[in-house]
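Structure record follows, encoded as structure tokens.
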Amino acid sequence: MIKLSDAIYAINPNANFVIRANDIDRITWTDGTTPIPKADIEAKMIEVQTAYNAKEYQRKRAEEYPSMADQLD
């Protein structure tokens, strides 16, 4: 599951904020960070989740095989 912070950092990697109770309505922007509109965060969450889901095969496949370092030993 993608977290709010994942979406926010995907939009602005330098953002400073506090999220209370993992609630999009309870984000406090700190250190002069320009607030990101709620709709933008929600859209980015969908985008990031879709990208994560698309790589599920890769994650499962990686679990089935030893690492390259282990294979070369």
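Ordered by solvent-accessible area of protein heavy atoms (1.4 Å probe), largest first, the residues Arg59, Arg20 come out as Arg20, Arg59. Protein heavy-atom surface of the chain, 1.4 angstrom probe: 52% of the accessible area is carbon and sulfur, with nucleic acids and ligands not counted. The aspartates and glutamates whose alpha-carbon is closer than 16 Å to the alpha-carbon of Lys3, local same-chain residues fewer than 8 away aside, are Asp23, Asp25, Asp40, Glu42, Glu47. For the chain, the mean residue ellipticity at 222 nm estimated from helices alone is -15500 deg cm²/dmol, where every DSSP H run of n ≥ 4 contributes -39500 (n - 2.57) and the total is divided by all residues, rounded to the nearest 500. Among Thr50, Thr28, Thr33, the sequence by solvent-accessible area, most first, with a 1.4 Å probe is Thr50, Thr28, Thr33. Per residue, the solvent-accessible area of the chain (1.4 Å probe, heavy atoms of protein chains only, all protein chains present) comes to 77 Å².
The values are calculated or read from the model by the stated rules, or taken from the named source; none is laboratory data. Since the model is a prediction, treat every value here as computed from it, not as a measurement. Protein only, heavy atoms only, side chains kept; ligands, DNA and RNA dropped before computing areas. Shrake-Rupley method; radii C 1.70, N 1.55, O 1.52, S 1.80 Å.
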